[in-house]
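The values are calculated or read from the model by the stated rules, or taken from the named source; none is laboratory data. The model shown is predicted, which means the values in this text are computed figures rather than measured ones. Every residue, glycine as well, gets a Cβ built from its backbone with ideal geometry; the counts of neighbours run over all protein chains shown.
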Amino acid sequence: MREKLKEDLKVAMKARDQAKVDALRLINAALKDKDIEARVSGGSVSDADVLAVLQKMIKSRQESLDIYAKNNRPDLAEKEKSEIDVISTYLPAQMSDAEVAAAIKATVAETGASSIKDMGKVVGALKAKYAGKMDFGKASAAVKAALGA
């Protein structure tokens, strides 16, 4: 993935696509921060960590986008939207609501979860299988509902 990011940055620079260049530089900076953090703790950065960084970046920009839209700042909102679009291209395709529901049902059955006390086990199994493919904020609420809370 990092090689693809470097290559895409070169292409965007040659094409003089400043919005994409800026977004790709932000991604690279965030990944370097994660590398430094991992080096200090003695670990390494996995693909799951990279996905988590990208998802965090999108969530942050989505919050900013909402704030800018509420405060009538379409120029800043558009910038955030374009960054979200660029970052999203590096994430795996998101699962539909029906696919998420089916995955939750299957995971509840696999883990033998029967009450809300088992929610952590179910969400942990979902994160292991579907990292980057589903919104775990929404998934957690759906797991809670499925377990009858």
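Residue under question is Ala77, and the condition is that it be under 22 Å from Gln18 (Cα atoms) and touching a helix residue (DSSP H, G or I) at 6+ places or on another chain (Cβ under 6 Å); does it hold?
yes
State yes or no: is Gln55 out of contact with any Lys or Arg (no Cβ under 8 Å at 6 or more places or on another chain) and within 18 Å of Ala19 (Cβ to Cβ)?
Considered against the rule, which asks whether it is out of contact with any Lys or Arg (no Cβ under 8 Å at 6 or more places or on another chain) and within 18 Å of Ala19 (Cβ to Cβ), Gln55 comes out as no.
Would a scan of the range 101-108 turn up a residue that is under 19 Å from the mean Cα position of the chain (by Cα) and of a type outside the set (A, V, I, L, M, F, W, C)?
no
Of the residues that make up the range 79-96, is at least one part of a helix (DSSP H, G or I), out of contact with any Cys (no Cβ under 7 Å at 6 or more places or on another chain), among the charged types (D, E, K, R) and more than 22 Å from Asp8 (Cβ to Cβ)?
No; the residues of the range 79-96 include none that is part of a helix (DSSP H, G or I), out of contact with any Cys (no Cβ under 7 Å at 6 or more places or on another chain), among the charged types (D, E, K, R) and more than 22 Å from Asp8 (Cβ to Cβ).
Hey, could you check the range 110-134 for residues that are under 14 Å from Lys144 (Cβ atoms) and β-branched (Val, Ile, Thr) and say which is surrounded by the most Cβ atoms within 10 Å (Cβ to Cβ)?
The extreme case among them is Val122.
Select from the range 7-46 the residues that are under 22 Å from Glu78 (Cβ atoms) and of a type in the set (Asp, Glu) and list them in ascending order.
Let us first name the residues in the range 7-46 that are under 22 Å from Glu78 (Cβ atoms), namely 8-9, 12-13, 15-27, 29-30.
The answer is Asp8, Asp17, Asp22.
What residue, of Glu37, Glu3, is free of Cβ contacts under 8 Å to residues at least 24 places away in the same chain, of a type outside the set (Phe, Trp, Tyr) and under 17 Å from Thr89 (Cβ atoms)?
That would be Glu3, the only listed residue that is free of Cβ contacts under 8 Å to residues at least 24 places away in the same chain, of a type outside the set (Phe, Trp, Tyr) and under 17 Å from Thr89 (Cβ atoms).
Can you find a residue that is farther than 26 Å from Lys133 by Cβ, outside the structural domain of Ala128 (by TED's automatic domain parsing) and in contact with a helix residue (DSSP H, G or I) (Cβ under 7 Å, 6 or more places away or on another chain) anywhere in the range 82-90?
Within the range 82-90, the subset farther than 26 Å from Lys133 by Cβ is none.
No, the range 82-90 has no match at all.
Would you tally the residues in the range 27-56 being touching a helix residue (DSSP H, G or I) at 6+ places or on another chain (Cβ under 7 Å) and in a helix (DSSP H, G or I)?
Counting residues in the range 27-56 that are touching a helix residue (DSSP H, G or I) at 6+ places or on another chain (Cβ under 7 Å) and in a helix (DSSP H, G or I) gives 9.
Looking at Tyr90, is it closer than 21 Å to Leu26 by Cβ and surrounded by 15 or more Cβ atoms within 10 Å (Cβ to Cβ)?
Against the criterion (closer than 21 Å to Leu26 by Cβ and surrounded by 15 or more Cβ atoms within 10 Å (Cβ to Cβ)), Tyr90 qualifies.
Taking the stated definitions as given, is Ala30 closer than 24 Å to Ala131 by Cα, small (Gly, Ala, Ser), modelled with pLDDT of 90 or more and not assigned by TED's automatic domain parsing to the domain that holds Ala128?
The answer is yes for Ala30.
Please go through the range 2-26 and give me each residue that is assigned to a loop (DSSP other than H, G, I, E, B) and exposed (fewer than 12 other Cβ atoms within 10 Å of the Cβ), ordered by number.
Across the range 2-26, the qualifying residues are Ala15, Arg16.
Is there any pair linking a residue in the range 93-110 that is farther than 16 Å from Ala128 by Cα to one that is of a type in the set (Gly, Ala, Ser), with Cβ under 9 Å and at least six apart or on different chains, and which?
Hits for this filter: Asp97/Ala142; Ala101/Ala142; Ala101/Ala146.
Can you name every residue in the range 101-128 that is assigned to a helix (DSSP H, G or I), farther than 20 Å from Lys56 by Cβ and not hydrophobic (A, V, I, L, M, F, W, C)? Let's see the steps before the verdict.
Residues of the range 101-128 assigned to a helix (DSSP H, G or I): 101-111, 116-128.
Then keep just the ones that are farther than 20 Å from Lys56 by Cβ; that gives 101-111, 116-122, 125.
Across the range 101-128, the qualifying residues are Lys105, Thr107, Glu110, Thr111, Lys117, Asp118, Gly120, Lys121.
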